[in-house]
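The values are calculated or read from the model by the stated rules, or taken from the named source; none is laboratory data. Keep in mind the model is a prediction, meaning the values are calculated, not measured. Glycine also receives a Cβ, built like all others from the backbone with ideal geometry; neighbour counts cover every protein chain displayed. To get the accessible areas, we keep the full protein, side chains included, count just its heavy atoms, and leave off ligands, DNA and RNA. Shrake-Rupley method; radii C 1.70, N 1.55, O 1.52, S 1.80 Å.
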Amino acid sequence: MSLHAEQFFTQAFPHRLDGAVVGKSFYAASPPGSQIRLRIDFYETIYQHKYGGLRLTALHPDKGTVDVIALSFKDHGTFRDRDASRTYRHADGLVHAFPGSPKPPWLGGDFTSLAQAVHTYAGMWGFPAPEPPAQSSQRAASLLPAPSRVRGTVPRAR
């Protein structure tokens, strides 16, 4: 299958977690003082070569799988723009990973909402919250309103 998983987890998906890609899965490094590992991989639909989202699995070295959650591309609007395009053949919110395909099947996706959901889940297991990228923090700062006076306190003339 041509998921191009390493390229997805290291370049396209903005998860910013420390870890490594093994096969078609990303393994996040355990948080300090914890033995829990987080595995992120694509989950398959009932159709061959079609993937509906990401599966996050919390793993413990002695207890095995502790928790599993599936985050769908459709629920997070990942491929809304791609599917609305007249040039895209499959408008179903899925990743179609046909064997031997030279192009990554997840191109054209907006992974922002999905990455936020991954960070929320990872935070529940003690993984540190990532620092926002420099560009987005500057942009966010420019969108904040200027500080105003606290209501109820009017400067008095002396």
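Things to note:
- Within the shell of other residues whose beta carbon sits under 11 angstrom from the beta carbon of Gly19, the net charge comes to +2, with Lys and Arg scored +1 and Asp and Glu -1.
- The stretch between Ser85 and Asp67, if pulled fully straight at 0.36 nm per residue, gains 2.8 nm over its current Cα-Cα span.
- Spacing of the modelled spin labels on Asp92 and Asp75, each 7 Å from Cα toward Cβ, amounts to 1.9 nm.
- Segment 23-102, accessible area per residue, ligands and nucleic acids excluded (1.4 Å, Å²): 57 Å²
- Dipole-positive endmost among Pro104, Val66, Leu54 within segment 24-130 (Cβ charges, Cα centre): Pro104
- Counting protein heavy atoms only, segment 1-110 has 49 percent of its accessible area on carbon and sulfur, 1.4 angstrom probe.
- Stretching the chain fully between Lys103 and Ala12 yields a gain of 31.4 nm (0.36 nm per residue, less the alpha carbon separation).
- Placing +1 on the Cβ of every Lys and Arg and -1 on the Cβ of every Asp and Glu, with no other charges, gives segment 1-82 a dipole of roughly 160 debye about its Cα centre.
- With R₀ fixed at 25 Å, the C-beta to C-beta distance from Ser113 to Lys24 puts the FRET efficiency at about 0.70.
- Basic side chains Lys and Arg get +1 at the Cβ, acidic Asp and Glu get -1 at the Cβ, and with that the dipole of segment 13-60 about its Cα centre reaches some 40 debye.
- Value of Rg/Rh across segment 36-81 [Cα atoms, Kirkwood radius]: 1.08
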